[in-house]
Each structure stands twice: as C-alpha cells, then as structure tokens.
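Got a structure here, written out as structure tokens. Questions coming.
The values are calculated or read from the model by the stated rules, or taken from the named source; none is laboratory data. Bear in mind that the values here come from a model prediction, so they are computed numbers and not experimental data. Reconstructed Cβ throughout: ideal geometry from the backbone, glycine too, with neighbour counts over all protein chains shown.
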Amino acid sequence: MDTTADTAPKDVKPSAEKPGWSAALLLSVVFSAAVRYGGTDGWWTALWLPLLVIALFGISYEWTVLVRARFRMRFSEWPTMLSSHIAVCLGLATALGLIDL
C-alpha cells in the first residue's frame with residue numbers, strides 16, 4: 001500500500017543559529033592591536049599569527065551562518081561585521097608592511 005500521497009509536507013523551520021559578529025570583531029581588534037603595538041618580528045609573531053588564523057576562521061564561519069540565514073540579521077550586526085573586516089584588513093596591511101599605523 002502506497003501512502004506517500006497522503007502525507008502532508010513538513011514545514012521547514014528556519015535555522016535557530018543567527019550570525020553574531022562580536023567574537024570575530026574581538027579577535028580582529030586584538031590581532032590588529034598585537035600587530036600594531038608588538039611589531040611583526042620576534043616572539044610577537046607567535047601571538048598575532050594564531051589570532052589571525054582564528055579571526056579568519058571566525059569570519060568565514062559567520063559568513064556561512066549569514067548565508068544560511070539568508071542575509072537576515074539585526075541592524076546592529078551590520079556595523080559590527082564591517083568593523084571586523086576593516087580590522088582584519090588593517091592588521092594584515094600592517095603585518096605585510098603595506099601601511100604604517
């Protein structure tokens with residue numbers, strides 16, 4: 001007996017996971033501060049290089065959550081997202097010697 005025609009489709013609930021850029025912003029700012037005040041040589045590299053990797057992984061994870069949430073997030077999260085990207089870009093530019101802050 002085939003009962004597939006009788007079953008109603010189940011409603012798909014949106015993901016409960018919401019993008020939050022606070023952790024990415026914190027890691028980005030700490031990375032930028034470590035590069036700015038510590039320099040790019042010596043033992044400071046042991047501090048800011050893992051911070052850079054964790055910040056980049058955090059940003060990429062938040063982008064995947066944002067895409068899954070179909071770009072829906074609170075208005076206050078958009079400036080936080082922008083600030084985290086700017087902080088990583090400034091830190092990378094300082095670490096590579098492109099700018100001097």
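Could you please find all residues in the stretch 1-56 being within 18 Å of residue 89 (Cβ to Cβ), of a type in the set (S, T, N, Q) and either part of a helix (DSSP H, G or I) or modelled with pLDDT of 80 or more (or both)?
28, 32
Another question, if that's okay. Among the residues of the stretch 42-67 satisfying the criterion of being touching a residue at least 12 places away in the same chain (Cβ under 8 Å) and β-branched (Val, Ile, Thr), which is nearest to residue 30 (Cα to Cα)?
Here the residue is 54.
Which of the following residues is over 30 Å from residue 100 (Cβ atoms), hydroxyl-bearing (Ser, Thr, Tyr), at pLDDT 85 or above and under 13 Å from the mean Cα position of the chain (by Cα): 64, 80?
Checking each option against the conditions leaves just 64.
Could you list all residues from the stretch 71-92 that are over 15 Å from residue 30 (Cα atoms) and in a helix (DSSP H, G or I)?
Answer for the stretch 71-92, where residues must be over 15 Å from residue 30 (Cα atoms) and in a helix (DSSP H, G or I): 77, 78, 79, 81, 82.
Applying the selection to the stretch 57-70, what residues are surrounded by 14 or more Cβ atoms within 10 Å (Cβ to Cβ) and either among the acidic types (Asp, Glu) or outside any helix (DSSP H, G or I) (or both)?
Within the stretch 57-70, 62, 69 qualify.
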